Amino acid sequence: MTERPDLTYDVFITLAQQQGFAMDMLHLEELFPEVQAMFQRVKLLDHVYTAGIQPGAGSIPTDNVATE
Amino acid sequence: MPNEDLTQLSVSQLGSRIESGDVSPVDVAEAFIRRIDALEPQLNAFITRADEHALLAAREAEKEILRGNYKGPFHGIPVGLKDLFWTKGVRTTSGSVIDGDFVPTEDSAVASRMKAAGAYFIGKLHMTEFAFDGTSLNRHYGPARNPWNLARMAGGSSSGPGAAVASGQVPIAMGTDTGGSVRVPAALCGITGLKPTFGLISRYGVTPLSWSMDHVGPMTRTVRDAALALNMLAGYDTRDPDSVEMQPKNYLEGLDRGIQKIRIGVPSDFVWDVMDFEVEKAFRAAMVQMESLGSHTREVSTTDLGLINSAGSVVQTSEAGIIHRSRVLNQGQYFDPVIRRRVESGLFIPAEAYLHAQQVRAKLKGLLLETLDEVDILATPTTAIAAPEIDQERAVIQGQDVPIREALLRITRVFSTVGLPAISVPCGFTEGGLPVGLQLVGKPFSESLLLRTAQAYQESTDWHLRRPKV
């Protein structure tokens, strides 16, 4: 997957507006580092090749169910 | 048995005394209510007490048993419920003030199954706000304290269940685990905590945090009680879309068969990148004990467990964001600011990033299952540290400055993310007298083997028999 760009403050504010956040700038300034940290975790996953893999990890593949 | 302190017994022991008529369910209820009265001012393990409800249910159980209608080992047993299990007519706050007046009109699946087994709830237990924190801090209801040291946290998010079971306020409690919320407080409080395979216990009527990662699990004094609880709780439920249809099992069967030739794998990296010396020492001693019981223990290399955690974090936060979107956008000021920001950050994760995280999760789960083809059980310490101080934000571990939440959750979160069954049992104490937890992990739906392994260890040690002097 192509590496995504870092989240800028301007893009963050635009996204916050789109999501319906109140434009409480003090709160948004406190929130920005938290969102940046989340984007770093997202970026960590970007290099993992996943073509053809179907999401749904919550379910258990039946061929791996334990037998005793 | 005259003068016996009923609050120090396991469910199994209480059940046999009730069945034989040595004690009545009312005696049991009254003993636990007295214990709660005595300890609650120090521990703060309850958000809502239900003394009257408990006494009524105990009287009803007594009548039923006297009529010859004994329902089994949970008949007349009080249970603590983490305050996100819906209870008909009794408020369910989910640790928040936003839901502070929410009174469900029906019971959760767990509460229903308990009732059917003759058990009853004695209170709604402390938790962190919307179960989105691994500490035992709660800005609205105060912190739950660790019975082994009142200046320390009980762990979370099932903080009340951890403190209440360890202190003898309840003989058993039900918790939920999305990143470690059953196993972390179990480890920090010195009790047994089981997170079963994803889908084994219905989550119907549980306030969600993350649909694809939430699990329900019992928190008990002993492994045997965890097996009893699983007998009561496991089963298909059409009301939970992720509930798995399986043949009913008796989890007590084979529990005492021992662990001769069981292959136990200890991950060779990740786990040890951040690990307190005293916790590691207790874990290594536990592995020696496992060997002495006939198991074969060896190091195994696994897929990148840290990457599993990153995928789990993206999935969990994204799902929490949408679950609590309306609350956080419209009533954000009523959240703890830390929890609020954590929830809000989930709203910024793009759909493709969420789906990619789910793909990564599926891929790495497959690779982890390959490791579990080489061994029967994986073993790790449950947490990287013992119970931190109540307000502690960071810890220096092996020279590294680590956020407390990372130190508490980094090992357990791996196995919540991939949905594998995992149990934490006490395996020692630090020099400061704080409990240390041993985590055992199995293949999907291998709870019988997992419980058997934990039971063999527990029966050969006495860590679980020690009680805090609270």
With +1 on each Lys and Arg Cβ and -1 on each Asp and Glu Cβ, and nothing else charged, work out how big the dipole of the stretch B:15-92 is about its Cα centre, in Debye to the nearest 20.
-> 240
In peptide B:358-370, what is the residue-averaged number of other protein chain Cβ atoms found within 10 Å of each Cβ?
-> 5
Place +1 on the Cβ of every Lys and Arg and -1 on the Cβ of every Asp and Glu in the stretch B:54-163, take the dipole about the Cα centre, and give the residue among B:G68, B:V110, B:F85 whose Cα lies farthest towards its positive end.
-> B:G68
Please give the net charge around B:E459, taking every other residue with its beta carbon less than 12 angstrom from that of B:E459, where Lys and Arg add +1 and Asp and Glu add -1.
-> +1
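Quantify, in whole percent, the carbon and sulfur part of the accessible surface of the stretch B:191-231 (1.4 Å probe; protein heavy atoms only). List each step's numbers first, then the result.
Values: 380 of 590 Å².
Taking all protein chains in place, the stretch B:191-231 shows 65 percent carbon and sulfur surface.
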How large is ³J(HN,Hα), in whole Hz, for each residue of the stretch B:261-278 in order, when computed from phi with the Karplus curve 6.51 cos²θ - 1.76 cosθ + 1.60 and θ = phi - 60°, using x for Gly and Pro?
-> 6, 5, 9, 10, x, 10, x, 8, 9, 6, 3, 8, 5, 10, 7, 5, 4, 5
Scan around B:A50 for amide H atoms under 5 Å from its own, H built in the peptide plane at 1.01 Å from N, and keep only partners 5 or more places away or cross-chain.
-> B:G123, B:K124
Calculate what fraction, in whole %, of the accessible area of the stretch B:233-274 sits on carbon and sulfur atoms when a 1.4 Å probe is rolled over the protein chains.
-> 46
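Sort B:379-388, B:364-373 by the packing proxy (mean of other Cβ within 10 Å over each peptide's residues), most packed first.
Details: B:379-388: 26.6, B:364-373: 17.5.
Per-residue mean Cβ counts within 10 Å order the peptides as B:379-388, B:364-373.
Summing both sides, how much accessible area is buried between A and B? Use a 1.4 Å probe and give Å² to the nearest 100. It would help to have the intermediate numbers written out before the result.
Details: alone 6060 and 17260 Å², together 19870 Å².
Buried area between the two chains comes out at roughly 3500 Å².
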If we sort B:270-278, B:392-400 on the protection proxy, mean other Cβ atoms within 10 Å, highest first, what's the order?
-> B:270-278, B:392-400
Compute the accessible area per residue over the protein assembly as shown, keeping the other protein chains in place, probe 1.4 Å, unit Å².
-> 37
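Sort B:157-164, A:47-54, B:18-25 for me by packing, meaning the mean count of neighbouring Cβ atoms within 10 Å per residue, highest on top.
On the way: B:157-164: 37.2, A:47-54: 12.2, B:18-25: 16.8.
Taking the mean over residues of other Cβ atoms within 10 Å, the ranking is B:157-164, B:18-25, A:47-54.
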Selected from B:M246, B:P185, B:G199, residue furthest toward positive end of dipole (the stretch B:172-265; charges at beta carbon) | B:P185
Using a 1.4 Å probe on protein heavy atoms, which residues of the stretch B:308-332 have at least 20 Å² less accessible area in the complex than alone?
-> B:S310, B:S313, B:V314, B:R325, B:L329
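Give me a single rounded figure for B:244-250: the average over its residues of other chain Cβ atoms within 10 Å of their Cβ. Write out the running numbers ahead of the final one.
Numbers: counts 4, 0, 1, 0, 0, 1, 0.
Counting other chains' Cβ atoms within 10 Å and averaging over B:244-250 gives 1.
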Largest first and in whole Å, give the semi-axes of chain B's equivalent ellipsoid, each being the square root of 5 times a Cα gyration tensor eigenvalue.
-> 30, 27, 22
Shielded by partner chains, the stretch B:337-351 residues - at least 50 Å² of accessible area, 1.4 Å probe, vs chain alone = B:R341, B:S345, B:F348
Neighbour net charge for B:E291 - beta-carbon separation under 12 angstrom, K R +1, D E -1 = +4
Positive-pole candidate from B:L369, B:L14, B:S313, dipole of the protein assembly as shown, charges at beta carbon = B:L14
May I ask for the distance between the Cα centers of the stretch B:274-338 and the stretch B:16-31, given as a whole number of Å?
-> 38
Once phi for every residue in the stretch A:6-23 is put through the Karplus expression 6.51 cos²θ - 1.76 cosθ + 1.60 (θ = phi - 60°), the whole-Hz ³J(HN,Hα) values, with Gly and Pro written as x, are 5, 7, 8, 4, 5, 5, 4, 5, 4, 4, 4, 4, 4, 7, x, 5, 5, 7
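Averaged across B:442-453, how many Cβ atoms of other chains sit within 10 Å of each residue's Cβ atom? Mind dumping the intermediate values first?
Values: counts 1, 6, 7, 6, 4, 2, 2, 2, 1, 0, 1, 0.
Across the residues of B:442-453, the mean count of other-chain Cβ atoms within 10 Å is 3.
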With charges only on Cβ, +1 for K and R and -1 for D and E, what is the dipole size of chain B about its Cα centre, in debye, rounded to 20?
-> 280
Within the set of other residues whose C-beta is less than 10 Å from the C-beta of B:I191, count the net charge using Lys and Arg as +1 and Asp and Glu as -1.
-> 0
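Distances longer than 39 Å among the Cα atoms of the protein assembly as shown: what percent of all pairs is that?
On the way: 28865 of 144453 pairs.
Within the protein assembly as shown, distances greater than 39 Å cover 20 percent of Cα pairs.
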Work out how far the C-alpha atoms of the stretch B:218-342 reach from end to end along every principal axis, then list the three figures in whole Å, largest first.
-> 58, 40, 28
With a/c under 1.5 counting as rounded, go ahead and sort the stretch B:1-43 into rounded, prolate or oblate using the C-alpha gyration tensor (a ≥ b ≥ c being the square roots of the eigenvalues; past the cut-off, prolate if a/b is larger than b/c, else oblate).
-> prolate
Given H placed on each backbone N at 1.01 Å, which residues far from B:G175 in sequence or on other chains put an amide H within less than 5 Å of it?
-> B:G217, B:M219
Using a simple charge model, +1 on the beta-carbon of Lys and Arg, -1 on the beta-carbon of Asp and Glu, nothing else, what dipole does the stretch B:318-470 show about its Cα centre, in debye to the nearest 20?
-> 440
Separation of the stretch B:76-106 and the stretch B:432-470 by C-alpha centroid, Å?
-> 29
Step through the residues of the stretch B:358-367 one at a time and calculate ³J(HN,Hα) from phi using the Karplus curve (6.51 cos²θ - 1.76 cosθ + 1.60, θ = phi - 60°), rounding each to whole Hz and writing x for Gly and Pro.
-> 5, 5, 4, 4, 5, 5, 6, 4, x, 5
Taking one equal scatterer on every alpha-carbon of the stretch B:33-156, how large is log10 of I(q)/I(0) by Debye at q = 0.09, 0.13 1/Å?
-> -0.28, -0.56
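The values are calculated or read from the model by the stated rules, or taken from the named source; none is laboratory data. Predicted model, so just to flag it, every value in this text is computed and none were measured. Cβ coordinates were reconstructed from backbone atoms using ideal geometry, including for glycine residues, and neighbour counts include every protein chain displayed. Side chains included, ligands, DNA and RNA excluded: accessible areas come from the protein's heavy atoms. Shrake-Rupley method; radii C 1.70, N 1.55, O 1.52, S 1.80 Å.
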